[in-house]
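To start, the structure itself, in C-alpha cells.
No value in this document is a laboratory result; all are computed from the given coordinates. The shown structure was predicted, so the numbers you read here are calculated from the model rather than taken from an experiment. Please note: Cβ atoms are built from the backbone with ideal geometry, for glycine as well, and neighbour counts cover all protein chains shown.
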Amino acid sequence: MELRALETPEDGDAERDPRCAPQSSHFFSPQEDTAMALQRLVELTASRVASVRSLRVQFRLVRKLGSGSYGRVLLAQPRQGGQTVALKLLRRDSVLRTTFLREFCVGRCVSSHPGLLQTLGWPLQTPRHFAFAQEYAPCGDLSGMLQEKARLDRTAQGLPERMVKRVLAQLAGALDFLHGRGLVHADVKPDNVLVFDPDCNRVALGDLGLTRPEGSPTPAPPVPLPTAPPELCLLLPPNTLPLRPAVDSWALGVLLFCAATACFPWDVALAPDPEFEAFAGWMTTKPQPSRPPAPWDQFAPPALTLLQGLLDLDPDTRSPPLAVLNVLGDDWGLRESGERSGRLGGVSYENGEEDEGGSSLEEWTEEEDEIKDCGRTGTDSREMPGKRSEDGQTEVAAVEDGGDEGLGGLTVEELQQGQETALALEDMMALSAQTLVRTEVEELYEEVRPLGQGRFGRVLLVTHRQKGTPLALKQLPKTSTSLRSFLYEFCVGLSLGTHPAIVAAYGIGIESAGSYSFLTEPVLHGDLITFIQPKVGLPQPAAQRCAAQLASALEHIHSHGLVYRDLKPENVLVCDSDCHRIKLTDFGHTRPRGTLLRLTGPPIPYTAPELCAPPPFPEGLPIQPALDAWALGVLIFCLLTGYFPWDQPLVEVDPFFEDFLIWQASGQPQDRPQPWYGLSPVADTLLWGLLDPHPRKRNPVSSIKGYLGQPWRQREGEAEELAKGLREDG
C-alpha cells in the first residue's frame, strides 16, 4: 500500500441536463483599483434598487432578530417560497444611499466565501428604509453565545479550546479572502460573528457597513472601542490614517481573547487603561519577561505567540490573520471552564451606541402586529438541515440510506440543485466559446518553466510579455481534448468564484492551432505528494492545516451543487515549504450533483465503495458529495501515516479493506488493523465517520472542524504498547 501518484480511472458520465443562476467570479480584477471597481459597481447597482410600498409585499415577517441606531434586522420568509432570510433594514433618514449600496455591493462580491455572511437577491427600498436580504444564522452571534454560556455557568471562562480554534480558523480565512481583494473589514468583533450551530462548526463574519478598500482614510472611532488598534485610538480629529489589514489582525487578536475568556482584555487600547498599560509594558520590555502578566498567563506558549503577533503594537510588524493556521494543531492551554468570570456585558457597539433593542421604525405599525402575532401563535424553527436528534442520528437520513429510492438516494431538492448547476454551466460554456482568444500562446506569454505534467496536458509558469505578470497556464492538446471538455473544466473553475483553498481562475481562455489553454494563479511549491514522507506522512500540525483547508474547499464546491470527484495529493498544490497554505486544482472530473456515473476502470484507494457496486440505474450512479467525503478520509489517513489504508475498496480482493470493515463493525481493539496502530481515538472517530461504507450515513466533509486541535496521532511509544498488548492477548 505504498503511497504513490495515482491516476483517476476513466469513467462514463451520462450527463443530465443540469441550471443555476450563474455564479459571479471575483468582481475586483487584479488590474483595477479596488475603490474604483467598487464605485463602478455601486453606480451599476443604483439602477437595480426596487421600490416597494411595503416589504410585506414580498416577505412574511416573523420576528425581530436585532436592532441598532440605524435600523434593525428581521427574520423573514419570502412569500414566493425559498429559504428563510435575515432582512436588514437601514433608515433612509440616517444612512446615505451610497453607503447602503456600498455595503450591499461588497456583500454580494464576497458572498462566495463560507466565512462571510452571504448577501442575497437585490436591494429594496420603501418610503422609510433601504433593505436587503442575508442568510440567516439560527444561533445568533458570538457575543450572545458567550453571554448565554456565562448565564448558565458563572464559572465558565469562555468557549472550549476546540471551538475557539474553529472560530478563529474560519475568521482568519474570511479576513484573508477580504484582504486579497483589497478590502478591510474594520469592524471585527463578537457581535459581528454569526453562528450557525451550537458547536461553531460554521461561523461567518457579517456587517460589512464599515468595510472599505485598503488605503481609505480612516478616523479614530467615535467612542473608545476595545477592538480598535492603538494607532487609531491615538488619532485626534480631523486626522486620519490609511486603512490597512493590520486593523483586522488586531481585532482578531482581541476576539481570540474574548472567545477564550468571555471578556475583553481592556476597555480601550490606550493609556491610562490599566489592563492595556500592563499588556503594552510587557510587550515593550526588553528582554521580555518570561511570564506574561495576568490574565495573559493562562494561555499556553503557542497561543501566546499568536496573540503577540496579532496584537503587535507596531502595525508594520503585526501578523496577518492566517498566522492562526500555524498553531491550530498546538495546545493553547484553554479549558472548558476557569476561575475568570468576566463577560462581554452585552456590548454591541454600532458607532458608539449600545444595542437597546428598541429603535423605532415608524412605518411599521402593521408589520409589528404581524410579528407579535407570529410570536404568540407561530413556531420559530431553529433547526438546521442535518442536525443531530436526541438519539444521535442525523434527521435528514431518517430513511435507510436516505433520499428517494426512485432518485438513486437523492432528495428532490438535491437533484434539482444539480440540474440547475449543470444548466448554468451549459450557459456559461456557450458564452465562453464566443469569447475565446484565438492566438498562439507564445505571442502573449513567455514560458518560464513547467509546473506540472499529466496524461491530458501540462501546466506552465508564464509571464505576460508586456506586463511581466506571472501566471499559470494549463495547456490541453487538441489531439486528446475536445472543445467541450476544455470549456467545461474552464467554466467550472470560473463558476466557483474565489476561495482561499481553491486555485483562482482568471477568466482568460485561449484557442491555438494545436491546443486549448486557460490561465490561473501560479502556485510554485509543487503538489502535496512531494511533501508526504513515505511511511511517515506530514507533521501533525501540517496534516490538520491541510485537512481543514481541503474540507473548506470541498464544502464550497458542494455549496455550488458540484462534486469534485478527484481528490488526491497530486491535485493539491502547496503555497509554501511548510504546508501552511494549500489550494485545490484540476476540475476536469468535477460534475453537478446527480450526474449519472459509471466506473469503467479499476478502482483506486480514493474510490468510494458505492462506485464499485452495481449502479441503481443502467446509466450509472447519481453522484453525491459523499464521494468526496470518502476520498478526504483516505487522504487524511495518508497525511497521518504516509501510506494508503488499502489499494482497492473491495472486500473480495483487498484484505486490508476487509480488515477495516471487520474492525468498524465490531469496534473491538483486538480487531484494529495494523496500519491504524499509530492513530489516536480522535482520528479513529473522524475517519470512521468519513469512511462509512454507506454513503447516506457518511459524515460530510465539514465534520472535520469538530476534530481540529485535538491529537490525531498517538504519542510516541503508545502504538508499540498497543501492538504488544494485542499480541499478548493473542
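What does the highest-first list of 40-53, 125-138, 667-680 look like by mean Cβ count within 10 Å? Provide the component values of the computation, followed by the final result.
Working: 40-53: 12.7, 125-138: 19.9, 667-680: 15.6.
Highest to lowest by the protection proxy: 125-138, 667-680, 40-53.
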TODO: Assuming R0 = 51 Å, can you tell me the calculated FRET efficiency for the pair Gln80 and Arg484, based on Cβ-Cβ distance, to the nearest 0.05?
DONE: 0.90
Open item on the list: For Lys88, give me every one of the lysines with a C-alpha distance below 24 angstrom, ignoring sequence neighbours fewer than eight places off in its own chain.
Closed with: Lys64, Lys189, Lys372
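Quickly rank 480-492, 282-294 as a protection proxy: mean count of other C-beta atoms within 10 Å, highest first.
Details: 480-492: 18.7, 282-294: 10.2.
Going from most to least packed, we get 480-492, 282-294.
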Open item on the list: Rounded to the nearest 20 debye, what is the charge dipole size of segment 147-327 about its Cα centre when +1 sits on each Lys and Arg Cβ and -1 on each Asp and Glu Cβ?
Closed with: 320 debye
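Give the order of Trp663, Trp630 when sorted by the count of other beta carbons within 10 angstrom, beginning with the fewest.
Least to most surrounded, the residues fall as Trp663, Trp630.
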Open item on the list: Placing one identical point scatterer on every Cα of segment 125-187 and ignoring solvent, what is log10 I(q)/I(0) from the Debye formula at q = 0.17, 0.18, 0.29 Å⁻¹?
Closed with: -0.86, -0.91, -1.19
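Would you please calculate the Kirkwood hydrodynamic radius of segment 239-315 over all C-alpha pairs and express it in Å, rounded to one decimal? Each step should come with its number before you reach the end.
Numbers: mean 1/r = 0.0759 Å⁻¹.
Here the Kirkwood hydrodynamic radius works out to 13.2 Å.
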Task: Ranking of His113, His580 by count of other Cβ atoms within 10 Å, fewest first - done: His580, His113
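Ratio of alpha-carbon Rg to the 2.2 N^0.38 Å globular estimate for segment 165-236, to two decimals, please. Mind showing how you got there, number by number?
Values: Rg = 13.5 Å, N = 72, 2.2 N^0.38 = 11.2 Å.
Its radius of gyration relative to the 2.2 N^0.38 Å reference: 1.21.
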Open item on the list: For a quick size check, give me the Cα extents of segment 530-728 along its three principal axes, largest first, whole Å.
Closed with: 51, 41, 27
TODO: Using a Förster distance of 45 angstrom, determine the FRET efficiency expected from the C-beta separation of Ser51 and Val412, and round it to 0.05.
DONE: 0.80
Task: For Phe456, Phe177, order by how many other beta-carbon atoms lie within 10 Å, fewest first - done: Phe456, Phe177
- [ ] Report the label-to-label distance for Ala430 and Asp314 in nanometres (one decimal), using points 7 Å from each Cα along the Cα→Cβ vector.
- [x] 5.9 nm
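Please give the FRET efficiency for Arg97 paired with Asp33, using the beta carbon to beta carbon distance and R0 = 25 Å, rounded to the nearest 0.05. Kindly include the intermediate steps, with their values, before the conclusion.
Working: r = 23 Å, r/R0 = 0.90.
The value I calculate is 0.65.
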Task: Shape parameters for segment 147-327, alpha-carbon atoms, Rg then Dmax in Å - done: 15.9, 45
Task: Which of Leu38, Thr98, Ser51, positive extreme of dipole for segment 34-136 (C-beta unit charges) - done: Ser51
Open item on the list: Over 19 Å between Cα atoms: which of Lys165/Lys535; Lys165/Lys705; Lys149/Lys705 fall into that group?
Closed with: Lys165/Lys535; Lys149/Lys705
Task: Potential extension, Arg63-Cys612 segment - 0.36 nm per residue separation minus Cα distance - done: 192.7 nm
Task: Inter-label distance for Tyr677 and Val653, nm, one decimal - labels placed 7 Å from Cα along Cα-to-Cβ - done: 2.9 nm
- [ ] Show me 631-643, 304-316 ranked by packing, highest mean number of other Cβ atoms within 10 Å first.
- [x] 631-643, 304-316
Open item on the list: Once you compute Rg and the Kirkwood Rh from C-alpha atoms, what is the Rg to Rh ratio for segment 34-136?
Closed with: 0.95
